[in-house]
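The values are calculated or read from the model by the stated rules, or taken from the named source; none is laboratory data. Predicted model, so just to flag it, every value in this text is computed and none were measured. Cβ coordinates were reconstructed from backbone atoms using ideal geometry, including for glycine residues, and neighbour counts include every protein chain displayed. Note: areas computed on protein heavy atoms with side chains; ligands, DNA, RNA excluded. Shrake-Rupley method; radii C 1.70, N 1.55, O 1.52, S 1.80 Å.
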Amino acid sequence: MKFTKMHGLGNDFIIVYQNHTPNLEEFSRLAVQMCHRHTGIGADGLVVVYPSENADAAMRIFNADGSLTEQCGNAMRCVAKYCYERLSALKDEFTLETKVGLQTVWVDGSLGKAEKIRVDMGEPVLEPSRIPVVATGRRVINQPVEAGGAQFYFTGVSMGNPHAVIEVDDASRFPVEKWGPILETHRLFPNKSNVEFVTFHSPSEVTMRVWERGVGQTMACGSGACATLVAGVLLGKLARRAVIHLLGGDLEIEWSEADNRVYMSGPAAFVYDGVWLPA
Ligand SMILES: N[C@H](CCC[C@H](N)C(=O)O)C(=O)O
């Protein structure tokens, strides 16, 4: 099976293109095998791209543990670059069909190379039952959560996938590996959750580290950066447009007042093409 290795700020993916709708159970099993860092290719996730009747292409994203996820911002940028440079360099705007609907991506390219990609990540979902988070009230803002003998305060946001955004004193030094897995699987999160640890520097700058559902700590999380921007606005810490500093680099995020949609801008990169030899 041919594949293309790509990454968005170090959040890395195996991209497989096929000309028919994928068997999701088969790709879930393949994700576990192919994403393994020692016995496989090694990646945070596996993305299958295939034709769509409603969009320029369809895509489904699997975490390294084989779970199918609803949303993945960094993978969206990688697929946008893939479409622009491998499928149709005549266009600089693509509509991608994902598990949660149609999303538009815009490619800023020159000489046939995608330099920067902007993605419509859709409207944030804040109602507890739709994130989902076990909580009362209309929104989940600075809700306390006990985990591992410690207490944290999180703001819940769904970008199609669930996020718990937790403000800490210094995100760049926070022990993500210690607290991430306990919080990811906390009983407050019926579908588990991605967990972002954030430190706000100004209304336009925040540092974020992330423990991703179904993966672990990653160098970047696009949907997590969007959830962080939304949480920062709700907490009164961020303006509606800010730079999110991640381990792998920066993302520009905007929560539009005009259409309530969140827009993410950042890079994507090819690493290599290969052939997967099944065991
Ligand atoms: N682990 C996430 C999916 C990948 C999200 C992240 N890689 C991004 O760039 O948005 C989840 O299960 O919701």
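For Glu25, Glu252, what's the largest-to-smallest order of accessible area, 1.4 Å probe? Don't jump to the answer; show the numbers that get you there.
Details: Glu25 120, Glu252 85 Å².
Final ranking, largest accessible area leading: Glu25, Glu252.
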Dipole magnitude of region 128-260, debye to nearest 20 (Cβ charges: Lys/Arg +1, Asp/Glu -1, about Cα centre): 440 debye
Rounded, prolate or oblate: which fits region 186-279, taking a ≥ b ≥ c as square roots of the Cα gyration tensor eigenvalues, rounded meaning a/c under 1.5, else prolate when a/b beats b/c? prolate
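Magnitude of the Cβ-charge dipole of region 210-257, K/R +1 and D/E -1, about the Cα centre, nearest 20 debye? Display every interim value, and only then the final one.
Details: 4 positive and 5 negative charges, 29 e Å.
Magnitude of the dipole: close to 140 debye.
Students often get this wrong, so check it: of Lys81/Lys192; Lys113/Lys192; Lys5/Lys116; Lys2/Lys192, which have C-alpha atoms separated by over 27 Å? Don't skip to the end; give the middle numbers.
Details: Lys81/Lys192 30 Å; Lys113/Lys192 37 Å; Lys5/Lys116 18 Å; Lys2/Lys192 32 Å.
Beyond 27 Å: Lys81/Lys192; Lys113/Lys192; Lys2/Lys192.
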The farthest towards the positive end of the charge dipole of the chain, of the residues Asn74, Ser265, Val16, given +1 on Cβ of Lys and Arg and -1 on Cβ of Asp and Glu, is Val16
With 0.36 nm assigned to each residue of separation and the Cα-Cα distance removed, Lys116 to Glu177 gains 18.9 nm
Read phi for every residue in region 257-271 and hand back ³J(HN,Hα) as whole Hz from Karplus 6.51 cos²θ - 1.76 cosθ + 1.60, θ = phi - 60°, with x for Gly and Pro. 6, 5, 10, 6, 9, 9, 10, 10, 10, x, x, 8, 9, 7, 10
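What percent does the relative contact order of the chain come to when contacts are Cα pairs within less than 8 Å and at least six residues apart?
Values: 719 pairs, mean separation 54.0, N = 279.
Answer for the chain is 19 percent.
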What percent does the relative contact order of region 128-260 come to when contacts are Cα pairs within less than 8 Å and at least six residues apart? 19 percent
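With a cut-off of 8 Å between alpha carbons and a minimum separation of six or more residues, what is the relative contact order of region 55-210 in percent?
Values: 294 pairs, mean separation 23.7, N = 156.
Across region 55-210, relative contact order equals 15 percent.
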With +1 on the Cβ of every Lys and Arg and -1 on the Cβ of every Asp and Glu, and nothing else charged, how large is the dipole of the chain about its Cα centre, in debye rounded to the nearest 20? 300 debye
Got a number for the accessible area of Thr21? Probe 1.4 Å, square angstrom, nearest 10. 100 Å²
Have a look at Ile166, Asn191, Met219 and report the one farthest towards the positive end of the charge dipole of the chain, computed about the Cα centre with Cβ charges (Lys/Arg +1, Asp/Glu -1). Asn191
Under 20 Å from a point 7 Å along the Cα-to-Cβ line of Asn19: which residues of region 45-75 have their amide N that close? 48-60
Counting pairs of Cα atoms in the chain, how many percent are more than 25 Å apart? 42 percent
Hey, what D do you get for region 128-260 in µm²/s if you plug the Kirkwood alpha-carbon radius into Stokes-Einstein at 20 °C and 1.002 mPa s? 149 µm²/s
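Given a 1.4 angstrom probe, I'd like the percentage of the accessible area of the chain that is carbon and sulfur, rounded to a whole number.
On the way: 5790 of 11860 Å².
Here carbon and sulfur together make up 49 percent of the probe-accessible area.
Taking only protein heavy atoms into account and a 1.4 Å probe, give the accessible area per residue of region 128-260 in Å². Could you put the intermediate results ahead of the total?
On the way: 5500 Å² over 133 residues.
On a per-residue basis, region 128-260 sits at 41 Å².
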